[in-house]
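> Below are the structure tokens for one structure; questions will follow.
The values are calculated or read from the model by the stated rules, or taken from the named source; none is laboratory data. These numbers come from a predicted model, not from an experiment. So basically every Cβ, Gly included, is an ideal-geometry build from the backbone, and we count neighbours across all protein chains shown. These area figures cover heavy atoms from the full protein model, side chains too; ligands, DNA and RNA do not enter into them. Shrake-Rupley method; radii C 1.70, N 1.55, O 1.52, S 1.80 Å.
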Amino acid sequence: MSSEPGTAVRTPRPGTQKSSGATTKKGERAAKEKPAAAQPATGEEEPQNPEEYQCTGVLEADFAELCARSGYIDFPKVVTRPRPHRISDSSASTSEKPTPDEQRLSASCSLNSLESKYVFFRPTIQVELEQEDGKAVKEVYIRGWKLENRILGIFSICLPSLSQLQAINLWKVGLTDETLTTFITLLPSCSPTLRKVSLEGNPLPKQSYHKLMAMDSTLAHLSLRNNNIDDHGAQLLGQALSTLHGSNRTLVTLNLAFNYIGDEGAGHLADGLRLNRSLLWLNLAHNCVRDKGALRLAEVLRPFELTHPEVVERRRLLLEKAEQELSRSPTSSRQADAKTERGQPHMGAVSSVALVEKMQSMKTLKGLIKKKEKPGEVVKEKSPTQGTPKKEDTTKPGKGKVSVPEQKLSRGKGAKAGSKEKRSTLLEPELVAEATEMINPLLEPMEHRDGKVFMPGNKVLLHLNLLRNRITEVGLEGFLTAVQYQAQFSRSKSVSKSPVGLLWLSLAKNCFNPQCPMYTMIQELLLPKDPIKIKLGDEEAQPFWP
């Protein structure tokens, strides 16, 4: 009896204590959680717009700050690209056997840091830095994780601040046609040093890779390996190389290895090479090119017949060129002045004075062009209307012009306002580049035979790789004819600056015997021209993969 009330009295006390303690603990937690929840509310009132952030040029800090401002918490980290160890270091490390204490220590560390091993599989942005400047990013590598629009939006803010950026490599990042368009739109805002883009392992349904080779593109190196590009994609790429009314003038190397390009696609690429004079390196290894596509490619390397639209375009260009030369020649202007003078006899005195003034000004301009001025000299030019000499102020960038070619170059290139010394140092290279870019292949000297017009062929392409395709001796014969023509042309051409044609042609691992006489003859013809084999002698050299 006594025990029952005792138990009855004892049982509610712990219950009441627990309940009261639980209520007090809950109240304390609520009191503690309220200011914690209120703190981010006050922080959110501050402006966190990513576009207001001024990038510093350090990709690691800029990318982290922009992700935080965009509300992106679990974002990829920017890390330095790991370099492979040297053979000497690896051999030295393997030769030294670890002691038992080191083995036990490494085992304990591996057990404790098992979770850290999974960091290797986390998305990262690998960068390669400049050797001189340890913070300047030279190349960006993104591999094995999906590149979304929000990451591209952050890149559009921080990548333009990288003044030394040269290459962007995207390997299996799950690109789509939409994200590729977004990526292409941010390329013009990047540094002018960006010349290489690599998109590998990113098959697209619409195969819109040709947008990277637009007429206004500044890319020089483009790698599109392992993208499932078929004949349709090759057609778009061939049209991006050149058409009847324009061509790409900046792309130097194009890597299309490990795709599904067949004869039709190779034919479209050959059509693009007809009027393209910038591409030096073309890789079509590990594709499906057969004899028909090989013959189309070999046809472009030797004289080929112009089509009717090409002949019409050539005549139009020749007429425009003749009209420009006629309008620039001084004899035509003199004849026009003479005709107006004969047509208006009462204005004969005025027109004769104008003619004399025009001749004097032309003589003065010719003297300025021919004269080699020393630095610091002031050019004196007599005005035809005034007898006093007029000094030209060379310090003013807008008025002081030393010679006429500089003035024409600054107008044609649309250069920004800057110091005169910078323009003078870049005068000769820009002039040569502009002169070479303005030459249209349809204006080259042609050969007329049997009422047909033949172009000499593409001798700018130096490297062609057709390794592991399906070419037989039929296609091999076409390449032999092209190489023989180019070898004969290079021997007969005395000008050293003219294009020399193919220096390296890879046809190994195809459907013909390696001991075939035609294949041996091609190798013998290219051996004196191959720069790698000339340097290494008789040793076998591996091809260069940019």
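> Condition first: open to solvent by less than 40 Å² (accessible area, probe 1.4 Å), under 20 Å from Y72 (Cα atoms) and either aliphatic (A, V, I, L, M) or in a helix (DSSP H, G or I) (or both). Now tell me which residues in the range 119-171 satisfy that.
Within the range 119-171, I125, I142, L147, I151, L152, G153, I154, F155, C158, L159 qualify.
> Output the number of the condition that Q515 fails; it satisfies all remaining conditions of (1) part of a loop (DSSP other than H, G, I, E, B); (2) under 27 Å from F258 (Cβ atoms).
For Q515, the failing item is (2).
> Here is a follow-up. Within the range 229-267, restricting attention to residues that are among the hydroxyl-bearing types (S, T, Y) and farther than 21 Å from P309 by Cβ, which residue is modelled with the lowest pLDDT?
T250
> For the range 50-81, what are the residues that are without any contact (Cβ under 8 Å) to a residue 24 or more places away in the chain, assigned to a loop (DSSP other than H, G, I, E, B) and open to solvent by 60 Å² or more (accessible area, probe 1.4 Å)?
Q54, I73, D74
> Do we find a residue being under 26 Å from I439 (Cβ atoms), in contact with a Gly (Cβ under 8 Å, 6 or more places away or on another chain) and touching a residue at least 24 places away in the same chain (Cβ under 8 Å) anywhere in the range 185-208?
no
> Checking D177 against (1) without any contact (Cβ under 8 Å) to a residue 40 or more places away in the chain; (2) open to solvent by 50 Å² or more (accessible area, probe 1.4 Å), which test does it fail?
With (1) without any contact (Cβ under 8 Å) to a residue 40 or more places away in the chain; (2) open to solvent by 50 Å² or more (accessible area, probe 1.4 Å) applied to D177, the lone miss is (2).
> Then there's this: Filter the range 294-328 down to the residues that are among the small types (G, A, S) and surrounded by 12 or more Cβ atoms within 10 Å (Cβ to Cβ) and list them by number.
A294, A298
> Kindly indicate which of L244, L273 is within 26 Å of the chain's Cα centre (by Cα) and crowded, with 21+ Cβ neighbours inside 10 Å.
Testing whether each residue is within 26 Å of the chain's Cα centre (by Cα) and crowded, with 21+ Cβ neighbours inside 10 Å leaves just L273.
> Go through the range 226-284 and count every residue that is among the charged types (D, E, K, R) and in a helix (DSSP H, G or I).
Total satisfying the criteria: 5.
> Sticking with this one: Got a number for residues in the range 65-75 being in contact with a Pro (Cβ under 8 Å, 6 or more places away or on another chain) and at pLDDT 90 or above?
The total comes to 1.
> What is the residue count in the range 208-220 for residues that are surrounded by 18 or more Cβ atoms within 10 Å (Cβ to Cβ) and either closer than 22 Å to Q166 by Cβ or modelled with pLDDT under 95 (or both)?
5
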